[in-house]
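Bear in mind these aren't lab numbers, they're just calculated from the coordinates by the rules spelled out. This structure is a prediction, so every number in the text was calculated from the model and none was measured. Heads up, the Cβs are rebuilt from the backbone with ideal geometry, glycines too, and the neighbour counts pull from every protein chain shown.
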Amino acid sequence: MSGNTLGLLFAVTTFGESHGPAIGCVIDGCPPGMELSEADIQPELDRRRPGTSRHVTQRREPDQVEILSGVYEGRTTGTPIALLIRNQDQRSRDYASILDTFRPGHADYTYWRKYGLRDPRGGGRSSARLTAPLVGAAAVARKWLRERHGIQVRGCMQQVGDVTIEFQSWDHVDGNAFFSPNQDVVPRLEAYMDALRKAGDSCGARVYVEALNVPAGWGEPLYDRLDADIAHAMMGLNAVKGVEIGAGFASVTQKGSEHGDELTPEGFAGNHAGGVLGGISSGQPVTVSIALKPTSSIRLPRRSVDRAGQPVSVETLGRHDPCVGLRATPIAEALLALVLMDHALRFRAQCADVRHDVGPLPGSLLRPAAPDRA
């Protein structure tokens, strides 16, 4: 009921607040026998953590993960895996001025209306800091998916504000602060971020993520469809206001003769469906694109009200990303991996004995070299 758990058979429950002593998660349902240590998890957390460039929040958190349970002599035991990440660089005083007011576009007002009180320090439970445990949990899922099925999950930035990023190569993604697949556009993105910070404003972003080598058959009709669960998970990410699977909203202007991916003996002729048909994976790459709104916490004065309903002007101090989307790529990858892990176990539970005389369509696991923006 409380909405803190993602997944059914591979269930991840997060806990903590942005400025509490620690954040973390409990992973329930991880299969036993997989080699696992903090070294398998830390690299993914390092990709997400704050303070990695001048373009993101300067909160200095090492995000060092600790495994508290569920691993014995280097292998998962099948019991709950508890991950802990200690907060070390809180500056709660930055939020003292908003205790009795509400930041426009933020969750302050709705949390107060729901619970009757709220933790204003760094957004409390509504902070994007709570994505760190999800990234840690997904590192566990990604290792299992990679070892059992050869599944690769990867993502990149497609757009920052009004700057569209043309795809060049996946090799560029981890070489810059924007997860940009185009190295040539990085100077323009840096200048754009510097101007936003100077103006005290913010912008949104668009992030693309895909999973390769996903077997056909994963997903449950009708209300636990693979794409529906992916959308559900992505919308649980802070600031996400739109999710597209495959062609997404571009399918509105496509004809049926264009959108429907034809099947040939050599494989599918396209992937407008994003690797999911009828809520079930087709064996093609699963492709997702998300839209993230501009950061709500900005320095510019905004109109609001206090808890008595009286008009006030709000200026948000503290350390904030001028574009929350800049660190969203590893998180979107994590959410896709967690959903796939859950559906992998669901498929194994019900349909592990299903056999076909004819294997996957030849070429059905192939894709173009760049994200499909059709």
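Here are a few things to note about the model shown:
- For the chain, the mean residue ellipticity at 222 nm estimated from helices alone is -7500 deg cm²/dmol, where every DSSP H run of n ≥ 4 contributes -39500 (n - 2.57) and the total is divided by all residues, rounded to the nearest 500.
- Computed on region 92-351, with alpha-carbon pairs under 8 angstrom and 6+ residues apart, the relative contact order is 28 percent.
- Projecting label points 7 angstrom from Cα along Cα→Cβ for TYR72 and TRP170 puts them 3.8 nm apart.
- Estimated dipole of the chain in Debye, rounded to 20 [Cβ of Lys and Arg +1, of Asp and Glu -1, Cα centre]: 1380 debye
- Protection proxy ranking, peptides 254-262, 215-223, 322-330, average beta carbon neighbours within 10 Å, highest first: 322-330, 215-223, 254-262
- Helix axis angle, 38-48 relative to the chain longest principal axis, alpha carbon, degrees: 60 degrees
- Between 0 and 90°, nearest 10: helix 131-149 axis offset from the chain longest Cα axis: 10 degrees
- Theoretical gain in end-to-end length, LYS198 to GLU147 [0.36 nm per residue, Cα-Cα removed]: 13.8 nm
- Under 19 Å from a label point set 7 Å out along the Cα-to-Cβ vector of ARG113, the amide N atoms of region 231-258 belong to 239-241.
- Ordering 155-168, 297-310 by mean Cβ neighbour count within 10 Å, with the highest value first, yields 155-168, 297-310.
- For the listed peptides 178-185, 233-240, a ranking on the average number of other beta carbons within 10 Å per residue, highest first, reads 178-185, 233-240.
- With the convex hull drawn around the C-alpha atoms of the chain, the volume per residue stands at 149 Å³.
- Gyration tensor verdict on region 118-170 (Cα atoms; rounded if a/c is under 1.5, prolate if a/b is larger than b/c, oblate otherwise): oblate
- Compared with the dominant principal axis of the Cα atoms in the chain, helix 328-351 is inclined by about 40°.
- Once the Cα-Cα distance is subtracted from the 0.36 nm per residue extended length, the ASP100 to THR264 segment shows a gain of 52.8 nm.
- Computing FRET efficiency as 1/(1 + (r/R0)^6) for SER257 and ASP184, where r is the C-beta to C-beta distance and R0 is 35 Å, gives about 0.45.
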